[in-house]
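J.: Below you'll find the structure I mean.
The values are calculated or read from the model by the stated rules, or taken from the named source; none is laboratory data. Note that the structure is a prediction, hence the values are computed from the model and not measured. Side chains are part of the model used for accessible areas, which takes the heavy atoms of the whole protein and leaves out ligands, DNA and RNA. Shrake-Rupley method; radii C 1.70, N 1.55, O 1.52, S 1.80 Å.
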Amino acid sequence: MAVLTEPSGDLRASSDQLCVVLGADSTEIRQRIEKALERPGRSAAVFFVAGADELIGLGVEAPAIALLVCDLDRPAEIATLRRVHREIQGVAIIAISPTATGTGVRRGLDAGADAIVFEPLIESTLAVTVSAVGSGQSVVPRELRATVHRPALSHREQQVLTYVTEGLSNAQIAEELFLSESTVKSHLSSAFAKFGVSSRREAAALFLELNGSQK
(Lines give C-alpha, C1' and ligand atoms only; values in the text may rest on other atoms or scores of the structure.)
Protein backbone atom coordinates (compact mmCIF):
# COMPACT_ATOMS: atom_id res chain seq x y z
CA MET A 1 0.00 0.00 0.00
CA ALA A 2 1.29 3.45 -0.86
CA VAL A 3 0.47 6.28 1.56
CA LEU A 4 0.74 9.70 -0.01
CA THR A 5 0.64 13.10 1.63
CA GLU A 6 1.41 15.07 -1.56
CA PRO A 7 0.36 14.43 -5.16
CA SER A 8 2.76 12.10 -6.91
CA GLY A 9 2.53 12.52 -10.68
CA ASP A 10 -0.88 12.04 -12.23
CA LEU A 11 -3.13 10.49 -9.61
CA ARG A 12 -5.45 9.28 -12.35
CA ALA A 13 -2.64 7.26 -13.91
CA SER A 14 -2.01 5.14 -10.83
CA SER A 15 -2.38 1.39 -11.33
CA ASP A 16 -3.27 1.01 -7.65
CA GLN A 17 -6.75 1.33 -6.20
CA LEU A 18 -6.66 5.02 -5.32
CA CYS A 19 -8.42 6.14 -2.13
CA VAL A 20 -8.46 9.89 -1.46
CA VAL A 21 -9.24 10.63 2.19
CA LEU A 22 -10.79 13.91 3.32
CA GLY A 23 -11.40 14.92 6.92
CA ALA A 24 -9.02 12.52 8.70
CA ASP A 25 -7.82 15.20 11.08
CA SER A 26 -6.39 12.96 13.78
CA THR A 27 -3.30 10.78 13.52
CA GLU A 28 -5.23 7.92 15.06
CA ILE A 29 -7.89 7.91 12.32
CA ARG A 30 -5.25 8.15 9.59
CA GLN A 31 -3.35 5.22 11.02
CA ARG A 32 -6.50 3.13 11.37
CA ILE A 33 -7.49 3.82 7.76
CA GLU A 34 -4.00 3.00 6.51
CA LYS A 35 -3.86 -0.24 8.46
CA ALA A 36 -7.36 -1.29 7.42
CA LEU A 37 -6.44 -0.93 3.74
CA GLU A 38 -3.28 -3.02 4.01
CA ARG A 39 -4.46 -6.13 2.20
CA PRO A 40 -2.05 -8.89 1.17
CA GLY A 41 -1.89 -9.27 -2.58
CA ARG A 42 -3.91 -6.15 -3.28
CA SER A 43 -2.40 -2.75 -3.88
CA ALA A 44 -3.95 0.49 -2.65
CA ALA A 45 -2.70 4.05 -2.81
CA VAL A 46 -4.04 6.24 -0.01
CA PHE A 47 -3.83 10.01 -0.40
CA PHE A 48 -4.85 12.38 2.40
CA VAL A 49 -6.17 15.87 1.66
CA ALA A 50 -6.85 18.71 4.07
CA GLY A 51 -10.12 20.09 2.73
CA ALA A 52 -12.88 19.82 0.17
CA ASP A 53 -11.27 22.42 -2.11
CA GLU A 54 -8.07 20.39 -2.30
CA LEU A 55 -9.97 17.19 -3.03
CA ILE A 56 -12.02 18.83 -5.77
CA GLY A 57 -8.92 20.50 -7.21
CA LEU A 58 -7.13 17.17 -7.67
CA GLY A 59 -9.43 16.26 -10.53
CA VAL A 60 -9.66 12.62 -9.48
CA GLU A 61 -11.76 10.35 -11.63
CA ALA A 62 -13.26 6.88 -11.33
CA PRO A 63 -12.21 4.27 -10.39
CA ALA A 64 -10.75 6.39 -7.59
CA ILE A 65 -12.77 6.30 -4.37
CA ALA A 66 -13.21 9.27 -2.02
CA LEU A 67 -13.26 8.49 1.71
CA LEU A 68 -14.92 11.31 3.64
CA VAL A 69 -14.46 11.24 7.41
CA CYS A 70 -17.49 13.09 8.75
CA ASP A 71 -20.32 12.98 11.28
CA LEU A 72 -23.54 12.13 9.45
CA ASP A 73 -25.61 13.62 12.25
CA ARG A 74 -24.11 17.10 11.68
CA PRO A 75 -25.83 19.16 8.95
CA ALA A 76 -22.65 21.11 8.13
CA GLU A 77 -20.79 17.89 7.37
CA ILE A 78 -23.69 16.57 5.30
CA ALA A 79 -23.37 19.80 3.31
CA THR A 80 -19.69 19.03 2.68
CA LEU A 81 -20.59 15.53 1.53
CA ARG A 82 -23.21 16.94 -0.83
CA ARG A 83 -20.72 19.42 -2.26
CA VAL A 84 -18.05 16.77 -2.84
CA HIS A 85 -20.61 14.54 -4.56
CA ARG A 86 -21.68 17.42 -6.80
CA GLU A 87 -18.15 18.48 -7.74
CA ILE A 88 -16.56 15.06 -8.39
CA GLN A 89 -19.42 13.27 -10.09
CA GLY A 90 -18.66 9.70 -11.06
CA VAL A 91 -16.27 9.13 -8.16
CA ALA A 92 -17.68 6.81 -5.50
CA ILE A 93 -17.81 8.18 -1.96
CA ILE A 94 -17.51 6.24 1.29
CA ALA A 95 -18.56 8.17 4.41
CA ILE A 96 -16.66 7.18 7.55
CA SER A 97 -18.74 8.41 10.48
CA PRO A 98 -19.13 7.97 14.21
CA THR A 99 -22.07 5.65 14.83
CA ALA A 100 -24.98 7.65 13.42
CA THR A 101 -28.75 7.69 13.74
CA GLY A 102 -31.01 6.26 11.07
CA THR A 103 -31.83 9.82 10.08
CA GLY A 104 -28.15 10.62 9.60
CA VAL A 105 -27.60 7.51 7.49
CA ARG A 106 -30.51 8.34 5.18
CA ARG A 107 -29.32 11.94 4.83
CA GLY A 108 -25.80 10.72 4.06
CA LEU A 109 -27.07 8.45 1.31
CA ASP A 110 -29.30 11.19 -0.08
CA ALA A 111 -26.32 13.57 -0.06
CA GLY A 112 -24.30 11.24 -2.26
CA ALA A 113 -22.56 8.61 -0.15
CA ASP A 114 -22.29 5.23 -1.90
CA ALA A 115 -21.36 3.48 1.33
CA ILE A 116 -21.16 4.14 5.05
CA VAL A 117 -18.64 2.77 7.52
CA PHE A 118 -18.95 3.50 11.23
CA GLU A 119 -15.66 4.47 12.90
CA PRO A 120 -15.71 1.65 15.50
CA LEU A 121 -15.84 -0.84 12.59
CA ILE A 122 -13.08 0.60 10.38
CA GLU A 123 -10.74 -2.36 10.92
CA SER A 124 -13.35 -5.01 10.12
CA THR A 125 -15.36 -3.33 7.36
CA LEU A 126 -13.43 -0.61 5.50
CA ALA A 127 -11.40 -2.87 3.20
CA VAL A 128 -14.38 -4.97 2.13
CA THR A 129 -16.45 -1.82 1.67
CA VAL A 130 -13.80 -0.33 -0.64
CA SER A 131 -13.84 -3.56 -2.67
CA ALA A 132 -17.63 -3.59 -2.86
CA VAL A 133 -17.88 0.07 -3.86
CA GLY A 134 -15.15 -0.46 -6.45
CA SER A 135 -17.41 -3.14 -7.96
CA GLY A 136 -20.35 -0.76 -8.15
CA GLN A 137 -22.18 -1.81 -4.98
CA SER A 138 -23.62 0.28 -2.16
CA VAL A 139 -22.94 -0.66 1.47
CA VAL A 140 -24.64 0.39 4.71
CA PRO A 141 -24.39 -1.02 8.24
CA ARG A 142 -26.61 -4.08 8.51
CA GLU A 143 -28.58 -2.75 11.47
CA LEU A 144 -29.63 0.33 9.51
CA ARG A 145 -30.67 -1.28 6.23
CA ALA A 146 -34.28 -0.32 6.92
CA THR A 147 -33.37 3.35 6.56
CA VAL A 148 -32.26 2.85 2.95
CA HIS A 149 -35.60 1.73 1.55
CA ARG A 150 -38.75 3.79 1.63
CA PRO A 151 -40.97 2.02 4.17
CA ALA A 152 -44.59 1.22 3.36
CA LEU A 153 -46.51 2.87 6.17
CA SER A 154 -50.12 2.01 6.91
CA HIS A 155 -52.74 4.74 6.85
CA ARG A 156 -52.91 4.74 10.67
CA GLU A 157 -49.13 4.91 10.99
CA GLN A 158 -49.09 7.93 8.70
CA GLN A 159 -51.82 9.60 10.73
CA VAL A 160 -49.98 8.97 14.00
CA LEU A 161 -46.68 10.23 12.60
CA THR A 162 -48.34 13.35 11.24
CA TYR A 163 -49.46 14.21 14.76
CA VAL A 164 -46.00 13.33 16.13
CA THR A 165 -44.47 15.91 13.77
CA GLU A 166 -46.92 18.45 15.19
CA GLY A 167 -45.66 17.77 18.71
CA LEU A 168 -48.66 15.90 20.11
CA SER A 169 -48.22 13.36 22.89
CA ASN A 170 -49.49 9.79 22.63
CA ALA A 171 -52.48 10.67 24.79
CA GLN A 172 -53.35 13.65 22.58
CA ILE A 173 -52.98 11.56 19.41
CA ALA A 174 -55.23 8.89 20.91
CA GLU A 175 -57.88 11.51 21.60
CA GLU A 176 -57.66 12.96 18.07
CA LEU A 177 -57.95 9.54 16.40
CA PHE A 178 -60.43 8.01 18.87
CA LEU A 179 -57.95 5.25 19.71
CA SER A 180 -56.54 3.87 22.94
CA GLU A 181 -53.13 5.12 23.94
CA SER A 182 -51.78 1.56 23.74
CA THR A 183 -52.92 1.34 20.10
CA VAL A 184 -51.10 4.59 19.32
CA LYS A 185 -47.96 3.17 20.91
CA SER A 186 -48.35 0.03 18.82
CA HIS A 187 -48.55 2.05 15.60
CA LEU A 188 -45.49 4.06 16.63
CA SER A 189 -43.51 0.91 17.43
CA SER A 190 -44.36 -0.48 14.00
CA ALA A 191 -43.30 2.75 12.30
CA PHE A 192 -40.03 2.82 14.29
CA ALA A 193 -39.25 -0.72 13.13
CA LYS A 194 -39.95 0.15 9.49
CA PHE A 195 -37.75 3.25 9.68
CA GLY A 196 -35.02 1.48 11.63
CA VAL A 197 -35.05 4.17 14.34
CA SER A 198 -35.66 4.23 18.08
CA SER A 199 -36.97 7.72 18.87
CA ARG A 200 -39.91 9.97 18.02
CA ARG A 201 -37.51 12.68 16.86
CA GLU A 202 -35.83 10.42 14.28
CA ALA A 203 -39.14 8.99 13.07
CA ALA A 204 -40.64 12.45 12.70
CA ALA A 205 -37.62 13.74 10.78
CA LEU A 206 -37.66 10.81 8.36
CA PHE A 207 -41.42 11.05 7.89
CA LEU A 208 -41.13 14.74 7.00
CA GLU A 209 -38.30 14.01 4.57
CA LEU A 210 -40.26 11.24 2.89
CA ASN A 211 -43.31 13.44 2.49
CA GLY A 212 -41.20 16.30 1.17
CA SER A 213 -39.51 14.09 -1.44
CA GLN A 214 -42.85 12.80 -2.71
CA LYS A 215 -44.27 16.26 -3.44
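J.: Calculate one ³J(HN,Hα) per residue across the stretch 50-65 by plugging θ = phi - 60° into the Karplus curve 6.51 cos²θ - 1.76 cosθ + 1.60, and present them in order as whole Hz with x for glycine and proline.
T.: 8, x, 4, 4, 5, 4, 5, x, 5, x, 5, 10, 4, x, 4, 10
J.: Answer rounded, prolate or oblate for the chain, using the Cα gyration tensor with square roots of eigenvalues a ≥ b ≥ c: rounded when a/c is under 1.5, else prolate when a/b is larger than b/c, else oblate. Walk me through the numbers on the way to the answer.
T.: Working: a/c = 2.96, a/b = 2.57, b/c = 1.15.
Because a/c hits 1.5 or more and a/b exceeds b/c, the chain counts as prolate.
J.: Same structure, new question: Per residue of the stretch 184-189, what does 6.51 cos²θ - 1.76 cosθ + 1.60 with θ = phi - 60° give for ³J(HN,Hα)? Whole Hz please, x for Gly and Pro, Karplus curve as stated.
T.: Per-residue couplings from phi come out as 4, 4, 5, 5, 5, 4 Hz.
J.: So if each residue of separation counts as 0.36 nm, and I subtract the Cα-Cα distance between SER189 and LEU168, what length gain in nm does that give? If you can, show how the numbers build up before the last one.
T.: Numbers: separation 21, 0.36 × 21 = 7.56 nm, distance 1.61 nm.
This chain segment gains 6.0 nm when fully extended.
J.: Next up: Taking amide H positions as placed in the peptide plane 1.01 Å from N, state which residues far from LEU68 in sequence (5 or more) or on other chains have amide H under 5 Å from it.
T.: Counting only residues 5 or more places away or on other chains, the set is LEU22, ILE94, ALA95, ILE96.
J.: Continuing with the same structure: Scan around PHE47 for amide H atoms under 5 Å from its own, H built in the peptide plane at 1.01 Å from N, and keep only partners 5 or more places away or cross-chain.
T.: When sequence neighbours closer than 5 places are left aside, the close amide H contacts are LEU4, CYS19, VAL20, VAL21.
J.: To continue, here is another question. On C-alpha positions alone, give me the angle between the axis of helix 122-134 and the longest principal axis of the chain, in degrees, nearest 10.
T.: 80
J.: If you don't mind, there's one more thing I want to ask. Of the beta bridges DSSP finds with both residues in the stretch 67-189, what % are antiparallel, to the nearest 5? Show your work: numbers first, answer last.
T.: Details: 0 of 8 bridges.
Of the beta bridges lying entirely in the stretch 67-189, close to 0 percent run antiparallel.
J.: By how many degrees, 0 to 90 and rounded to 10, does the Cα axis of helix 102-111 deviate from the longest principal axis of the chain?
T.: Once rounded, the angle reads 50 degrees.
J.: Averaged per residue, what accessible surface does the stretch 25-121 expose to a 1.4 Å probe, in Å²? List each step's numbers first, then the result.
T.: Details: 4350 Å² over 97 residues.
Result: 45 Å² per residue.
J.: So, one more: Could you work out [θ]222 nm for the chain from helices alone, using -39500 (n - 2.57) per DSSP H run of at least four and dividing by all its residues? Round to the nearest 500 deg cm²/dmol.
T.: -14000 deg cm²/dmol
J.: With a 1.4 Å probe and all protein chains left in place, how much of the accessible area of the chain comes from carbon and sulfur atoms, in whole percent?
T.: Numbers: 5230 of 10910 Å².
Summing carbon and sulfur atoms, their accessible area is 48 percent of the total for the chain.
J.: Follow-up. Compute the angle between helix 75-87 and the longest alpha-carbon principal axis of the chain, please, reported from 0 to 90 degrees and rounded to the nearest 10.
T.: 50
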